[in-house]
Amino acid sequence: MKRPVTSGAETTNPAASSAPAAPSGPSASTDSTADRDAAPAAGLDGIPRQRPLAVSAEGVHVAVAESAPADVGTSPVPAGSARPLLARLRRVRPWRLFPTPTGTPFTFGYAVVLAVTSLVAEYADPGLVDRVLQASSTDVAHLAQSPVRVLVASALWIAGGLTSAYVIAFLLVLTALERRIGGWRTAGVFLLGHGLATLATEIPVGLSVLAGHLPESSLHRYDYGISFGVATSVGALAGLLRPWLRWTVLAVFGWMVVGDLIAFTDPMTNWGHTMALAIGVATWPLLRRVGSPGQLQDDDRDHGAPS
């Protein structure tokens, strides 16, 4: 049988004749040997050929989406979601609205004293209570004799007892104020308003008695309670709140004060509330140096957590 004559560039395999010619040289022989070792021969039976991988942007996206585990917690929050609001609500601590022994020691201790004196005024002998209240009154006669003693003593009683609206205002307002500026400054604001508003209302009474416009019995009228100090604290706290809340607090409390003035049931006391509120507003420049608007001090140490 006569064999066909072939050249060095040709092979006797028909399938190989259709393949492109391999480059010549030492490197070419080395590459071809490595290719034969790494991949199976194209013509061997039983070994299926690999299909070419067509990569597209859509295919990669689908593959990644199918292979990635679903994680609800790390999924992006859509716009307008209620999650930020829910997170804020979870951080709300209702107990911070009221005084605590370690978080607000001044307000807490003062509240305990007021609770005791209110119980005494409610259940003690009426004659004894009357004498004690008369001795604690910041009337003109007592202010002329021992002003410091009666100013302090009059602030230990609540006019109207524990059912007075000023009890709730005292707890909420002084607690919030102390968390922002501290106990000593809160005590200073309270006593400043209590003292100045008392003097501003009693001095005109004394002058009116001297002028003959009021009877001499006006020098011994009852004047005690925490309302002047609370009104001053409301005015001071408003300056440390955010603008929308600041003007809301001032509008609500101011309307109450103006309503009392219009009723004209106790004009001297009602004017005292108005002046006490103005005294609190006048402390804004000083208190804003030590207190941040809308920022509360952390009192987690009340519950065993580090502050």
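Among MET256, MET268, the order of accessible area from largest down is MET256, MET268, computed with a 1.4 Å probe on protein heavy atoms.
When VAL230, VAL120 are compared by accessible area at a 1.4 angstrom probe, the order from most to least is VAL120, VAL230.
Compactness check for the stretch 98-178: Cα Rg over 2.2 N^0.38 Å is 1.19.
Across the stretch 137-244, Cα-Cα pairs farther apart than 22 Å form 38% of the total.
For the stretch 116-131 versus the stretch 234-272, the spacing of their alpha-carbon centroids is 30 Å. Protein-only accessible surface at a 1.4 angstrom probe places the residues VAL167, VAL252 in the order VAL252, VAL167, largest first.
ILE262 contributes an accessible area of around 130 Å² to the protein surface, as traced by a 1.4 Å probe with all chains present. Solvent exposure of PHE264, expressed as accessible area, is near 140 Å², computed with a probe of 1.4 Å over the protein chains only.
What percent does the relative contact order of the stretch 119-162 come to when contacts are Cα pairs within less than 8 Å and at least six residues apart?
Across the stretch 119-162, relative contact order equals 35 percent.
Its convex hull of Cα atoms gives the stretch 199-282 a direction-averaged projected area, equal to a quarter of the hull surface, of 5.9 nm². Calculated FRET efficiency, ALA211 to ALA187, Cβ-Cβ distance, R0 = 35 Å: about 0.45 to the nearest 0.05.
The values are calculated or read from the model by the stated rules, or taken from the named source; none is laboratory data. This is a predicted model, so every value here is computed, not measured. Cβ coordinates were reconstructed from backbone atoms using ideal geometry, including for glycine residues, and neighbour counts include every protein chain displayed. Remember, those area values only see protein heavy atoms, side chains included, never the ligands or the DNA or RNA. Shrake-Rupley method; radii C 1.70, N 1.55, O 1.52, S 1.80 Å.
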